[in-house]
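Everything below concerns the one structure shown next.
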Amino acid sequence: MRHASTPRRPRHARLRQLAWRIVRAVGLGACVAVAVSMLAIVALRWASPPTTAFMLGHQIGAWRAGTSAAGVRYQWVDWADINPELAVAVVAAEDQRFREHHGLDFAAIRDALEERRREGRVRGASTISQQVAKNLFLWPGQSWLRKGVESYLTVLIELVWSKRRVLEVYLNVAEFGDGVYGVGAASVRFFAREPALIDREQAALLAAVLPSPKRLDVSHPSAYVRSRQSWILSQMEQLGGVSYLDDLR
């Protein structure tokens, strides 16, 4: 006696079920990623990061190249132990609307897009808050995916942290030389002194290499770096010097 075979579901039904499973998995992954990022950012409102994504990337790159001796120099320094001139210098160099924007500087983005359209030249428009998000959690690159994740993390950081905390973390995780991260390591490495003892000229010189710390050198500053240092010093004056920091909350 022949038994009737179980009818197979139509192919489109199987594909629909597979697509739904993929959507569910992606949604669950996104929820987990959001939860983890929120917890990390809340924790880092008070805790100092032991490392960053960029530091780990540098270490992995050195290991792959067989130059593990060229590791990461990093030493966390609290806000109270950093000369305020350093904070003003990096704001003057990197993000003069830092106090006004909420993480994303739409005016700077618009100006950069207009310059690209007019001159075909790409100019960075990342704020200090965006650079903190990128250095802590992300990878180098300019893809739309990375920029989207960076924007999300930036908004979250601005919601959870104070402006002073954003600047404190930036001063500690920004790269000032090949493998030299933060003003703690940079001050000792380049000037043999603690960051509390750095003067205005030295602060401006450190800030001058921030666009490209692997190419520009604090120890042997080029004419371009010296010119940029002078410009930063003038911008620090225009910002009001260390009094600029009085309104940071």
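None of the figures in this text is laboratory data; all of them are computed from the coordinates on show. All of these numbers come straight from a predicted model, not from anything done at the bench. Every residue, glycine among them, receives a Cβ derived from its backbone with ideal geometry; neighbour counts consider all protein chains shown.
Under a straight-distance cross-link criterion of Cα-Cα below 21 Å, which lysines are reachable from LYS163, leaving out those fewer than 8 residues away in the same chain?
Straight-line reach from LYS163, under 21 Å: LYS134.
Select from ALA62, ALA35, ALA203 the residue whose mean-square fluctuation is largest in a Gaussian network model of the chain (Cα-Cα springs shorter than 10 Å).
Per the Cα network of the chain with a 10 Å cutoff, ALA35 tops the list.
Quick one: ASP247, ASP178, ASP105, fewest Cβ neighbours within 10 Å first, how do they rank?
Working: ASP247 9, ASP178 13, ASP105 22.
In order of increasing Cβ crowding within 10 Å: ASP247, ASP178, ASP105.
Which stretch or stretches of segment 32-51 have amide N atoms under 17 Å from the point lying 7 Å from ALA80's Cα along the Cα→Cβ direction?
Backbone N within reach: 46-48.
Return the distance in nm (one decimal) between the two label points of a simple spin-label model at SER234 and ARG45, each offset 7 Å from Cα along Cα→Cβ.
Using points 7 Å along Cα→Cβ, the separation is 4.1 nm.
Among rounded, prolate and oblate, which fits the chain when a ≥ b ≥ c are the square roots of the eigenvalues of its C-alpha gyration tensor, a/c under 1.5 means rounded, and a/b larger than b/c means prolate? Don't skip to the answer; put the middle values down first.
Details: a/c = 2.30, a/b = 2.07, b/c = 1.11.
Prolate.
Just order 47-57, 156-166 by mean Cβ neighbour count inside 10 Å, highest at the front, would you?
156-166, 47-57
R0 = 41 Å: FRET efficiency of SER227 with SER162, Cβ-based, nearest 0.05? Kindly include the intermediate steps, with their values, before the conclusion.
Values: r = 34 Å, r/R0 = 0.82.
The calculated FRET efficiency here is 0.75.
For the chain, what does -39500 (n - 2.57) per DSSP helix run (n ≥ 4), summed and divided by total residues, give at 222 nm, in deg cm²/dmol to the nearest 500?
Working: 10 runs with 144 residues, N = 249.
Here the helix-only value at 222 nm equals -19000 deg cm²/dmol.
Per residue of segment 76-82, in order, report the coupling 6.51 cos²θ - 1.76 cosθ + 1.60 (Karplus, θ = phi - 60°) as ³J(HN,Hα) in whole Hz, putting x for Gly and Pro.
Residue by residue, segment 76-82 yields 5, 10, 5, 3, 5, 9, 10 Hz.
Set the Förster radius R0 to 45 Å, insert the Cβ-Cβ distance between SER212 and VAL23 as r into 1/(1 + (r/R0)^6), and round the FRET efficiency to 0.05. Walk me through the numbers before you get to the answer.
Details: r = 42 Å, r/R0 = 0.92.
After rounding to 0.05, the efficiency reads 0.60.
What distance in nm lies between label points placed 7 Å from Cα along the C-beta direction at GLU194 and ASP178?
Spacing of the two 7 Å Cα→Cβ label points: 3.1 nm.
Between PHE106 and GLN142, what length in nm is gained on full extension when 0.36 nm per residue of separation is reduced by their alpha carbon distance? Provide the component values of the computation, followed by the final result.
Details: separation 36, 0.36 × 36 = 12.96 nm, distance 1.75 nm.
Contour length minus Cα-Cα distance gives 11.2 nm.
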